[in-house]
Every structure is written in structure tokens, then in C-alpha cells.
1. Just tell me which lysines come within less than 24 Å, Cα to Cα, of Lys63; anything on the same chain fewer than 8 places away is out.
2. Tell me which label goes with the value of Cα Rg over 2.2 N^0.38 Å computed from the coordinates here: [x] 1.62; [y] 1.16; [z] 1.02.
3. Would you calculate the separation in nanometres between label points at Arg279 and Asp226, each defined as 7 Å from the Cα along the Cα-to-beta-carbon direction?
4. Using the beta-carbon distance between Glu210 and Met184 and R0 = 35 Å, what value does 1/(1 + (r/R0)^6) give for FRET efficiency, to the nearest 0.05?
5. Pop the C-beta distance of Thr148 and Val60 into the FRET formula with R0 = 30 Å and round what comes out to the nearest 0.05.
6. In whole Hz and in residue order, list the ³J(HN,Hα) couplings for region 111-120 that follow from phi through the Karplus curve 6.51 cos²θ - 1.76 cosθ + 1.60, θ = phi - 60°; x for Gly and Pro.
Amino acid sequence: RALVWNAAWDMTRDAEWPARAFVDLVLGNVGAESDSSVVLVLLRQLQTATDSYVAPEHRVATKRSVADRLWTLVEAAQEGSDTQLQLLKAFAVHATTAPQLDVVAGLADGSRTVAGLPVDTDLRWELLTSLAAGGRAGEAEITAHLATDDTANGRQAAASARAAIATPEAKAAAWDAMVTREGMPNAILETSLLGFNRTHEDALLEPFVEPYFASLETVWTTRGNDMAQDLVQLLYPTALASRPELDVLGRTDAFLAALGDRHPGLRRMLLEVKDGAERALRVQAADRAAG
């Protein structure tokens, strides 16, 4: 089966069939997978396909369907299994509608349960981040939960949840903490970057296209190697590359032309993320062509 899964993913990334076909393939078969490591990979690929490879005009409907089908799989999974836990986490990532977020909220506050699957501290952070990204939780809820888990892991999870809050103010605060100011520990930066990109509304990321390119050289020359690479890669506005008015690819080319021979490492990394954005556009075109 691993060969089949790999072939299906390669076909998706190479725009040889619609991304929505891959989504259907995963959701129709992941529940029968017995290897938890395979399930983990498939659910990560499912998220990439849904967020980046499905044509933008089909994305909202696809996300809603994905979350509904994941919840069905959660309820059908073996009670207490690792697969059930992974499916629940994936459901929380994809939950966007009011009924879906109601389920997430119920799991987080204990008013709803899944047989065989207790909600521990780590899972509650996952659920809270889902609610933050869905506009159903904010600083007050994050601070309250952090008070019960003031550990290194808890502080990292809180940073991710704060960066995921679905308001322009929260995104601006996260950007300022990650990019404008220095001194954020690497572990906090990593989770903050993940939370920042955890959004169901691309409009929340639009204000950061110009600041991204404006900050690149400063980030590259003032941050440590790992931190600089994370910022360049994970803040690149791939999700907005399909928006012609934002001209993400054109801005990238203009920046590279102005960069010249300075900072070859930065040039190489930008070419890599640009290549990823171009691939996403090709795959979206194939998905669009399928109707």
C-alpha cells in the first residue's frame, strides 16, 4: 500500500490528477490503515493538499467536507487507538464551520467526549489553537489554560495559539514578536510560525506580503542560521501566490534581481520557496480543470 500512496501523492504534486481526487482517496481509505506512521504522513499530505493544492475557488467547500468526513472517521475508529487520536487532531485542524467548531469547543471544555480518548493537556492545546484559528478563542482563554500548564511545552503551545488568533491585531502582534523584535527563543519561534500560518482567512495574511520582502535581508544578516531559515521559509506567502494583485512571484523575482550576488544562501532559499509556490499554482490549475 505504501507504494500506492507514494504514487498518488507524486501524481498530485506533479499535477497529473486533481488534488480533490487525492483528498477523496485519503478520506476513503485512511481509516483502514493500521500503521500509525502511515496515517500521520497521509494526514499531513491531506492538509497540504487542502490548504495549498485545491483550487482556491473550491477550497472552502473542500475544507468543510474534509472536516465532516474526518469527524465521521474519528467516531468509527478503534477506541483509544493512536489512529483515532491523529484523526481527531486532523479534524481540529480542518474545523471551520460553526457546527464543527462547536464540536471542538465541546471537546475542549469537557461537555463532549470521544469514547476511549481522554482530552489531556497537550490535546487541549490542540483544540484551543483550533478555536483560536476559528475565531472562537482569544488571549483570555490562552492565558487561562497556560496558568494550568506553565511548562516549556505549555509556553510553546501558547505561542502557537496566540499567533493563530484570527484577528488582524493578533497577526500583527505575532509578526512584530517574530520579525521586528529579536530575542525570541528558537522553540517559541518555531511554534509561533506554525500558529501564524494557521488561518482560514487569507485576508489576515495579506498585510504581510510587503513587510516580508522588506525584512528579508535584515532577518538573514541578524538572526542565527536556523532562525533565519525558518523565517524565510515559513513566512513566504505561498498561500497568496494565486492572487494576481499581490504578485508574490513577481515580487520574488524583483527582490532576487535587486539582491544580486549578496547572500547566496538567501537567494537559494528564496528560489526553493518560489519553486514550491509555482508547483502549488500548477497543481491548483489541474484541480481547477477537473471542474
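Rule-based calculations on the coordinates, nothing more; no lab input. These numbers come from a predicted model, not from an experiment. Neighbour counts are summed over all protein chains in view; Cβ atoms, including those assigned to glycine, are modelled from backbone coordinates with ideal geometry.
1. Lys89, Lys171
2. Only one option fits the structure, namely [z].
3. So the label points at Arg279 and Asp226 sit 2.4 nm apart.
4. It comes out at approximately 0.95.
5. 0.30
6. 6, 9, 10, 10, 4, x, 10, x, 8, 8
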